[in-house]
Amino acid sequence: MSRIFTRIIDYSLLLIAGTVLALVWANLDHDSYETVAHALEFVVNDIGMAFFFALAAKEVFESTLPGGALSSPRESAVPILAAVGGMAVPAGIYVIMVHLSGLPELARGWAVPCATDIAFSYMVARVLFPAGSPAIPFLLLLAIADDAMGLVLLASFYPQKAFSIVWFAGPLVVALAIAWWLRRRRVRSFWPYVLLAGTCSWIGFHEGGIHPALALVPIVPFMPHRMMDLGIYEPTEEHGADTLSQFEHWWKVPVQVVLGLFGFANAGVQLAAMGAGTAIVVIALVVGKPLGIAGFTWLAERCGFRRAHGLSWGDIMLLGTVAGIGFTVALFFAIAAFPAGDLLDQVRMGALLSFIAAPIALLLAMVRRLVPGREPRAASAEE
């Protein structure tokens with residue numbers, strides 16, 4: 001049973017189950033679904049998702065430590081620039097299509113196709129690429145950079161209400177002071193950081209107009225941590241004795257439960273809601289991601305940087321397609337960008353249908369294998 005539960009957690013099956021349940025319920029009895037989903041929205045979106053973004057921030061922060069994927073500017077330059085392209089081009093395609101469609105009310109959702117769902121993209125990439133392929137660490141590095149920039153976009157462009165510098169800065173300064181004091185006192189438990197500093201930060205974000213789901217992000221770097229990064233999804237990380245690793249280990253399962261509830265509370269869209277916004281989001285993600293990632297990788301090489309040895313242009317287009325799976329973060333951006341209504345439903349459906357990037361990537365991988373004269377990469381390619 002423990003092995004089955006581990007698979008459920010590792011493959012985010014709770015999120016998928018919550019999403020499917022929401023879609024079925026919303027299309028069978030929309031009114032009762034809305035009643036239940038509305039009751040969950042605040043607790044899940046504003047409180048529970050704070051721990052999801054905290055774990056994302058943890059990966060970003062550790063990647064900047066010595067040995068981390070973002071610690072060397074020269075080594076990380078290509079995937080970081082690729083991530084910029086993977087956000088800029090989809091956003092550009094979205095804006096252009098909104099303009100051409102004559103639907104300016106959709107313009108607020110320009111950041112929705114900027115998102116990459118790191119968990120699902122990683123799972124698909126493991127199926128498509130052989131062990132030892134440099135494409136997988138490239139995708140993970142790109143997704144980490146995407147997460148970091150996504151946090152900035154969410155905080156900067158999607159305030160929940162009018163921004164108040166006093167309400168935001170006051171509690172946040174108190175929160176950072178508490179976190180700094182706890183660090184100085186060498187407090188090893190993560191609970192004081194979450195309950196004391198995290199609560200003050202959440203109040204500041206909520207009352208100041210910044211989405212409170214980001215409240216734990218500035219607290220994460222203060223938790224005691226190892227001095228070097230072992231690597232994302234490294235098995236030995238789970239057994240780390242440092243506070244930050246223990247925080248991740250403890251919250252890994254609860255966050256998956258939160259994601260299941262998030263999928264249930266936010267993915268209940270009636271199939272009749274599909275419209276122009278749906279098509280625009282899907283096209284921006286599925287077309288814009290590979291074009292942006294490949295284009296900015298080419299630009300990085302023109303600037304003198306080099307992609308990993310053994311990483312072909314075919315690999316880049318393939319992993320760019322995989323990165324078009326927006327799902328979780330795309331849903332979150334949609335909810336932040338639009339009030340409840342038809343527009344939100346259209347864009348949410350687009351975020352859900354971005355899963356079409358997975359079978360497209362699988363088809364492209366099969367076509368590549370059938371191309372004559374294509375030399376297989378060495379399994380020992382540098383990562």
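Kindly evaluate residue 50 against the criterion of being under 21 Å from the mean Cα position of the chain (by Cα), over 27 Å from residue 288 (Cα atoms), at pLDDT 90 or above and not hydroxyl-bearing (Ser, Thr, Tyr). Against the criterion (under 21 Å from the mean Cα position of the chain (by Cα), over 27 Å from residue 288 (Cα atoms), at pLDDT 90 or above and not hydroxyl-bearing (Ser, Thr, Tyr)), residue 50 qualifies.
I want to confirm something. Restricting to segment 317-369 and keeping residues that are at pLDDT below 90 and among the β-branched types (Val, Ile, Thr), which single residue is farthest from residue 127 (Cα to Cα)? The qualifying residue farthest from residue 127 (Cα to Cα) is 329. Checked against (1) in contact (Cβ under 8 Å) with a residue 24 or more places away in the chain; (2) surrounded by fewer than 23 Cβ atoms within 10 Å (Cβ to Cβ); (3) farther than 15 Å from residue 289 by Cβ, residue 120 passes all but a single condition, namely (3). If I filter segment 1-14 for residues that are modelled with pLDDT under 95, out of contact with any helix residue (DSSP H, G or I) (no Cβ under 7 Å at 6 or more places or on another chain), more than 21 Å from residue 342 (Cα to Cα) and not in a helix (DSSP H, G or I), do I get at least one hit? Yes, because at least one residue in segment 1-14 is modelled with pLDDT under 95, out of contact with any helix residue (DSSP H, G or I) (no Cβ under 7 Å at 6 or more places or on another chain), more than 21 Å from residue 342 (Cα to Cα) and not in a helix (DSSP H, G or I). In the set 91, 77, only one residue is in contact with a Phe, Trp or Tyr (Cβ under 6 Å, 6 or more places away or on another chain), surrounded by 16 or more Cβ atoms within 10 Å (Cβ to Cβ) and more than 19 Å from residue 313 (Cα to Cα); that residue is 91. Between 138, 190, 163, 205, the distinction of being touching a residue at least 24 places away in the same chain (Cβ under 8 Å) and surrounded by fewer than 21 Cβ atoms within 10 Å (Cβ to Cβ) belongs to 163 only.
In the set 120, 129, 163, which member is under 25 Å from residue 64 (Cβ atoms), in contact with a helix residue (DSSP H, G or I) (Cβ under 8 Å, 6 or more places away or on another chain) and not basic (Lys, Arg)? From the options 120, 129, 163, the qualifying one is 120.
If you filter segment 100-136 down to residues that are in contact with an Asp or Glu (Cβ under 7 Å, 6 or more places away or on another chain) and among the β-branched types (Val, Ile, Thr), you find that the one that is modelled with the highest pLDDT is 116. Quick check, is residue 71 modelled with pLDDT under 95, outside any helix (DSSP H, G or I) and within 30 Å of residue 222 (Cα to Cα)? Spelling it out, residue 71 is indeed modelled with pLDDT under 95, outside any helix (DSSP H, G or I) and within 30 Å of residue 222 (Cα to Cα).
The values are calculated or read from the model by the stated rules, or taken from the named source; none is laboratory data. Values in this document were obtained by computation on a predicted structure and should not be read as measured data. Reconstructed Cβ throughout: ideal geometry from the backbone, glycine too, with neighbour counts over all protein chains shown.
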